[in-house]
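Student: My questions all concern the structure below.
The values are calculated or read from the model by the stated rules, or taken from the named source; none is laboratory data. Given the structure is predicted, the values throughout are model-derived calculations rather than measurements. Using ideal geometry, Cβ is built from the backbone for each residue, glycine included, and neighbour counts are taken over all protein chains shown. Each accessible area value is taken on the protein alone, full model and side chains, heavy atoms only, with ligands, DNA and RNA left out. Shrake-Rupley method; radii C 1.70, N 1.55, O 1.52, S 1.80 Å.
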Amino acid sequence: MSAVLPPLQIGPLTVATPVVLAPMAGVTNRAFRTLCREAGRSTGFDPGLYVAEMVTSRALVERNTEALRIVTFGPDETPRSAQVYGVDPATVGAAVKIIAGEDSADHVDLNFGCPVPKVTRKGGGAALPWKKQLFTDIVRAAVTAAEPYGVPVTVKMRKGIDDDHLTYLEAGRTAESLGAAAVALHARTAAQHYSGTADWTAIARLKEEVRTVPVLGNGDIWAAEDAVRMVRETGADGVVVGRGCQGRPWLFADLAAAFNGSDVRVRPGLRDVADAIYRHGELMIEYYDGDEFKGVRDLRKHMAWYLKGYAVGGDARRALAMVSSLAELREHLDALDLTLGYPGDDAEGPRGRAGSAKTPHLPYGWLDSRDLDAEFEAKLREAELSVSGG
């Protein structure tokens with residue numbers, strides 16, 4: 001067997017398998033990261049990089065309890081990877097200094113890809129790179145804050161706001177010049193949200209422009225074969241996997257095998273899926289400091305993802321989506337026909353809601369200029385008021 005790609009180098013960090021778990025709000029907490037990491041390690045190959053869900057810089061600086069929980073890692077998580085979102089350079093710099101200076105993580109990713117209206121309508125997320133100087137100032141502040149501690153900073157972004165307002169090539173070159181250790185591109189615009197098809201040719205173009213640091217590709221990776229095809233078609237140095245692993249942490253076993261030249265794949269029967277769901281529930285309760293109801297309630301949204309393609313009736317699905325305790329979860333799982341095998345293609349492919357393309361919500365007059373005026377600068381700070389940008 002021969003590896004598809006060499007190890008991924010992000011600053012001083014060497015990631016043997018060039019696969020990154022994308023930060024997803026409400027999904028990639030410590031519990032889910034544990035499942036993904038365990039799956040990757042089960043192959044015998046070294047796992048990839050598993051990023052915590054996005055946290056706002058304002059919340060970190062204010063020592064918000066939930067924000068601090070988001071950037072809390074388990075003892076077996078190495079390297080530890082956090083993602084920060086912010087719109088004010090000073091606040092982002094302060095947040096990164098907290099993470100790096102207090103040894104909370106080994107790697108910090110900056111989010112410039114979030115397409116949700118509550119973020120973009122205030123100029124944040126995928127809307128922000130349109131303001132060239134603001135993007136520059138935020139990346140510079142983060143890199144400067146992390147540098148004394150040897151913590152690499154990376155940038156994750158989208159192609160732009162829409163097809164008429166693309167920013168990814170310029171943003172990639174800027175991030176590279178400011179000392180970012182890698183750039184990742186979700187090959188959709190904010191207007192696409194998660195709809196349509198990811199434009200992998202944009203990843204190839206970015207790779208042509210950014211030469212001195214790794215370029216990672218994201219979008220429409222539903223199986224290990226998609227990931228291998230992406231890097232071969234685009235020249236990317238690695239992949240970032242988001243919705244494809246929802247309800248399917250074993251995808252990281254497939255990815256680890258594929259990138260190391262093995263054709264071994266995980267094909268779980270319903271009993272395996274039930275075991276994974278129950279283990280997820282136990283880990284969620286642990287994540288919430290023993291709060292059983294809160295942990296199991298947070299698990300509910302994963303049920304449809306886990307059961308995609310399996311012959312589980314509507315009543316059973318609804319019951320699992322309403323569980324309130326581990327005992328109740330065990331009861332409903334045991335009531336399933338656990339002898340059912342892997343359903344094949346029905347369990348594969350896109351997962352989660354793709355939605356439809358829509359006009360991005362932006363501040364009034366946002367597209368009129370690439371520069372940021374004082375009025376917009378004041379409004380931007382409102383975009384940092386929540387813990388997670390979604």
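Student: State whether one or more residues within segment 98-120 are aromatic (Phe, Trp, Tyr) and either at pLDDT below 95 or out of contact with any strand residue (DSSP E or B) (no Cβ under 6 Å at 6 or more places or on another chain) (or both). Step through it out loud before you land on a result.
Tutor: As a first pass, look at segment 98-120 and keep what is aromatic (Phe, Trp, Tyr): 112.
Keeping just the survivors that are either at pLDDT below 95 or out of contact with any strand residue (DSSP E or B) (no Cβ under 6 Å at 6 or more places or on another chain) (or both) gives none.
The answer is no, given that none of the residues of segment 98-120 is aromatic (Phe, Trp, Tyr) and either at pLDDT below 95 or out of contact with any strand residue (DSSP E or B) (no Cβ under 6 Å at 6 or more places or on another chain) (or both).
Student: Turning to a different aspect of this structure: Collect the residues in segment 26-40 that are closer than 19 Å to VAL55 by Cα and among the basic types (Lys, Arg), keeping them in residue-number order.
Tutor: Within segment 26-40, ARG30, ARG33 qualify.
Student: Oh, and also: In the list GLY269, GLY247, which residue meets the criterion of being closer than 21 Å to LEU338 by Cα and buried (at least 21 other Cβ atoms within 10 Å of the Cβ)? Walk me through it before giving the result.
Tutor: Values: GLY269 fails: buried (at least 21 other Cβ atoms within 10 Å of the Cβ).
After applying the criteria, what remains is GLY247.
Student: Quick one: GLY160 ticks every box in (1) among the small types (Gly, Ala, Ser); (2) open to solvent by 40 Å² or more (accessible area, probe 1.4 Å); (3) touching a helix residue (DSSP H, G or I) at 6+ places or on another chain (Cβ under 7 Å) bar one, so which box is it?
Tutor: Condition (2) is where GLY160 drops out.
Student: Open to solvent by less than 20 Å² (accessible area, probe 1.4 Å) and without any contact (Cβ under 8 Å) to a residue 40 or more places away in the chain, is that true of THR28?
Tutor: Values: open to solvent by less than 20 Å² (accessible area, probe 1.4 Å): yes; without any contact (Cβ under 8 Å) to a residue 40 or more places away in the chain: yes.
Criteria met by THR28.
Student: Please work out which residue is farthest from GLY352 (Cα to Cα), limiting yourself to segment 284-307 and to residues that are surrounded by fewer than 20 Cβ atoms within 10 Å (Cβ to Cβ) and either assigned by the TED database to the domain that holds GLY242 or in contact (Cβ under 8 Å) with a residue 40 or more places away in the chain (or both).
Tutor: First pass over segment 284-307, keeping only residues surrounded by fewer than 20 Cβ atoms within 10 Å (Cβ to Cβ): 286, 288-294, 297, 300-301, 304-305.
Cutting the leftovers down to either assigned by the TED database to the domain that holds GLY242 or in contact (Cβ under 8 Å) with a residue 40 or more places away in the chain (or both) gives us 286, 301, 304-305.
Values: GLU286: 25, LYS301: 10, ALA304: 9, TRP305: 7 Å.
Ranking the qualifying residues of segment 284-307, first place goes to GLU286.
Student: Of all residues in segment 217-238 being touching a Gly at 6+ places or on another chain (Cβ under 9 Å), part of a helix (DSSP H, G or I) and aliphatic (A, V, I, L, M), which is surrounded by the fewest Cβ atoms within 10 Å (Cβ to Cβ)?
Tutor: Here the residue is VAL231.
Student: So how many residues does segment 1-16 have that are open to solvent by less than 30 Å² (accessible area, probe 1.4 Å) and modelled with pLDDT under 95?
Tutor: Count: 0.
Student: Here is a follow-up. Give the residues of segment 20-60 that are of a type in the set (Val, Ile, Thr), touching a helix residue (DSSP H, G or I) at 6+ places or on another chain (Cβ under 6 Å) and at pLDDT 95 or above, sorted by residue number. Give the derivation first.
Tutor: Just the residues of segment 20-60 that are of a type in the set (Val, Ile, Thr), to begin with: 20, 27-28, 34, 43, 51, 55-56.
Of the ones still in play, those that are also touching a helix residue (DSSP H, G or I) at 6+ places or on another chain (Cβ under 6 Å) are 34, 43, 55-56.
Correct list: THR34 only.
Student: Here's something else I'd like to know. Can you pull out the residues in segment 19-68 that are polar (S, T, N, Q) and more than 30 Å from ASP88 (Cβ to Cβ)? Give the derivation first.
Tutor: Just the residues of segment 19-68 that are polar (S, T, N, Q), to begin with: 28-29, 34, 42-43, 56-57, 64-65.
Residues satisfying the conditions are THR34, SER42, THR43.
Student: Could you list, in sequence order, the residues of segment 31-54 that are in contact (Cβ under 8 Å) with a residue 12 or more places away in the chain and outside any helix (DSSP H, G or I)?
Tutor: SER42, THR43, PHE45, ASP46, PRO47, GLY48, LEU49, TYR50, VAL51, ALA52, GLU53, MET54
Student: Further question on the same structure: Of all the residues that make up segment 112-155, how many are within 22 Å of TRP366 (Cα to Cα) and either open to solvent by 20 Å² or more (accessible area, probe 1.4 Å) or of a type in the set (D, E, K, R) (or both)?
Tutor: 11
Student: Out of contact with any helix residue (DSSP H, G or I) (no Cβ under 7 Å at 6 or more places or on another chain), open to solvent by less than 40 Å² (accessible area, probe 1.4 Å) and part of a helix (DSSP H, G or I) - does that describe any residue in segment 193-216?
Tutor: no
Student: OK, next. Could you list all residues from segment 79-103 that are within 18 Å of the chain's Cα centre (by Cα), open to solvent by 10 Å² or more (accessible area, probe 1.4 Å) and closer than 20 Å to ALA25 by Cβ?
Tutor: Across segment 79-103, the qualifying residue is only ARG80.
Student: Take the residues in segment 320-354 that are surrounded by 12 or more Cβ atoms within 10 Å (Cβ to Cβ) and among the basic types (Lys, Arg); name whichever of them is nearest to LYS308 (Cα to Cα).
Tutor: ARG351
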